[in-house]
Amino acid sequence: MDIVQNSISAHAALIEVSVTVDRGADTLTVSIKDDGSGMSKEMLANVADPFVTTRTTRRVGLGISLLAAGTEATGGHFHIDSELGAGTRVIAVYGLSSIDRPPIGDFAGTMHTLIVSNPAIDFTVEFGVDGRGETLDTRQVRQVLGENVPLDTPEVSLWLKEGLSELFPASYAEY
């Protein structure tokens, strides 16, 4: 959620979130890609430093450094690509069976909160297990509803919550 918040702060219009489980490779991969403002090469080189941030409200930026440390603790790895004016992509690969891997938790609920709290932003949300997955794309939802129906309308929010829970059931949290 913190990394998606970085994308929101970077004024992204589209945020793509993907969580994939590959039991054969014993990996859980989280990918977050946005079309936001991106980062300079200097910022990108230092982004995993917990004392580097663009915020003015506090002097630490722990999200990316904690994500990188978390992946490495499971035998996984972390990678970030960014280009100023072109967006950012963060890839975190965890060892699936590692005792140090954080749980997936309520993926559907988290994504519902992010979508409804940011109705002007489009999201693609994907969850896959062993090459099979489900995707929700808010651009398609907007096509069906019409552009003048906000995603935070109570009826739409409830529909999104039910749809996300159906596409990404709580049983996925066992991974």
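Just to be sure I understand the filter: pairs with C-beta atoms under 9 Å, separated by 6 or more residues or on different chains, first member in the stretch 17-28 and closer than 27 Å to T138 by Cα, second member of a type in the set (K, R) and surrounded by fewer than 15 Cβ atoms within 10 Å (Cβ to Cβ). Which pairs pass? Sorted first by the residue in the stretch 17-28, then by its partner, the list stays empty. Selection within the stretch 64-87: residues that are among the polar types (S, T, N, Q) and at pLDDT 95 or above. The member of this set that is farthest from E16 (Cα to Cα) is T74. Apart from one condition, R142 fits all of (1) closer than 17 Å to I32 by Cα; (2) touching a strand residue (DSSP E or B) at 6+ places or on another chain (Cβ under 8 Å); (3) in a helix (DSSP H, G or I); the exception is (1). Flag set for V129, criterion: of a type outside the set (D, E) and modelled with pLDDT under 95. Of all the residues in the stretch 67-114, those that are buried (at least 19 other Cβ atoms within 10 Å of the Cβ), out of contact with any Ser or Thr (no Cβ under 6 Å at 6 or more places or on another chain) and not in a loop (DSSP other than H, G, I, E, B) number 9. Is it the case that some residue within the stretch 116-126 is within 17 Å of the chain's Cα centre (by Cα), of a type in the set (A, V, I, L, M) and in a strand (DSSP E or B)? Taking every residue of the stretch 116-126 in turn, at least one turns out to be within 17 Å of the chain's Cα centre (by Cα), of a type in the set (A, V, I, L, M) and in a strand (DSSP E or B).
Looking at the stretch 85-98 only, could you name the residues that are among the aliphatic types (A, V, I, L, M) and in contact with a Lys or Arg (Cβ under 8 Å, 6 or more places away or on another chain)? Explain how you work it out, then say what you get.
So in the stretch 85-98, the residues among the aliphatic types (A, V, I, L, M) come out as 86, 90-93, 96.
Answer for the stretch 85-98, where residues must be among the aliphatic types (A, V, I, L, M) and in contact with a Lys or Arg (Cβ under 8 Å, 6 or more places away or on another chain): V90, L96.
The values are calculated or read from the model by the stated rules, or taken from the named source; none is laboratory data. This structure is a prediction, so every number in the text was calculated from the model and none was measured. Virtual Cβ from ideal backbone geometry, glycine too; neighbours counted across all protein chains shown.
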